[in-house]
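The values are calculated or read from the model by the stated rules, or taken from the named source; none is laboratory data. These numbers were taken from a predicted model, which means no experiment stands behind them. Every residue, glycine as well, gets a Cβ built from its backbone with ideal geometry; the counts of neighbours run over all protein chains shown.
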């Protein structure tokens, strides 16, 4: 225990000395034509791509990028399926986009409205997944982008055993710049909650009119369900345009521990 405390004090000292290293420049958010993404549809000149959260890919990476940066926090495990929408209006009419008129239907045929900004934040910060992440982040913030994954794993092991060693390594590897939904490490739970809510607000798919040739891009926060399709109702002049898009979901880790199989023994005759 004394060694762990000494190590913690040393890391605090290093953090205080090196904390003036400055911020990292953000990476560009790649946006291609909706037709280049897998879940795509064009109706009456309006093209839409739908990208549900993928635990193995950055939502803002190009679809042909074989090794995009992975998100460091699993939003789906925290109860929210963060979904990116890319819309291009190539019709002759102005269209109006209202995020409250976007719904999803799951594999059981149940239709859901998206969470609003506050509801999405509440769902995430109240989740067990977020609580676990915060514990690892509080350990990882001491090394974050400064010392790296190696000491992150060591600190995680010193403070919380093997369970947090992996979390510490992940924080060390992913902090210090990034793009998309990289949450990184924070000083305490309140700071992490504020960061989550700020990310939700800054990336939200805001209501917006689109004239011919205009593009809109943003995130909708659905409940964490296996989405089979999404539906959008867009207003165009005096009519509504209904667009339904079949969705192929990335494989999501449920986070539920698998039951260990009890070995069977054959009776000897």
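For residue 8, the criteria (1) at pLDDT 90 or above; (2) surrounded by fewer than 20 Cβ atoms within 10 Å (Cβ to Cβ); (3) closer than 24 Å to residue 130 by Cβ hold in every case but one, which is (1). Please work out if residue 55 is closer than 30 Å to residue 134 by Cα, surrounded by fewer than 20 Cβ atoms within 10 Å (Cβ to Cβ) and modelled with pLDDT of 90 or more. Yes; evaluated as a whole, the condition is true for this residue. Would a scan of the range 118-141 turn up a residue that is surrounded by fewer than 20 Cβ atoms within 10 Å (Cβ to Cβ), touching a strand residue (DSSP E or B) at 6+ places or on another chain (Cβ under 6 Å) and under 22 Å from residue 236 (Cα atoms)? No, the range 118-141 has no match at all. Scanning the range 96-114 turns up no residue that is under 27 Å from residue 186 (Cα atoms) and either surrounded by 13 or more Cβ atoms within 10 Å (Cβ to Cβ) or in contact (Cβ under 8 Å) with a residue 24 or more places away in the chain (or both). Taken over the range 93-141, residues that are within 18 Å of residue 75 (Cα to Cα) and not in a strand (DSSP E or B) amount to 24.
Among the residues making up the range 53-91, those that are within 9 Å of the chain's Cα centre (by Cα) and outside any loop (DSSP other than H, G, I, E, B) are 80, 81, 82, 83. The number of residues in the range 209-223 being buried (at least 16 other Cβ atoms within 10 Å of the Cβ) and closer than 13 Å to residue 237 by Cα comes to 1.
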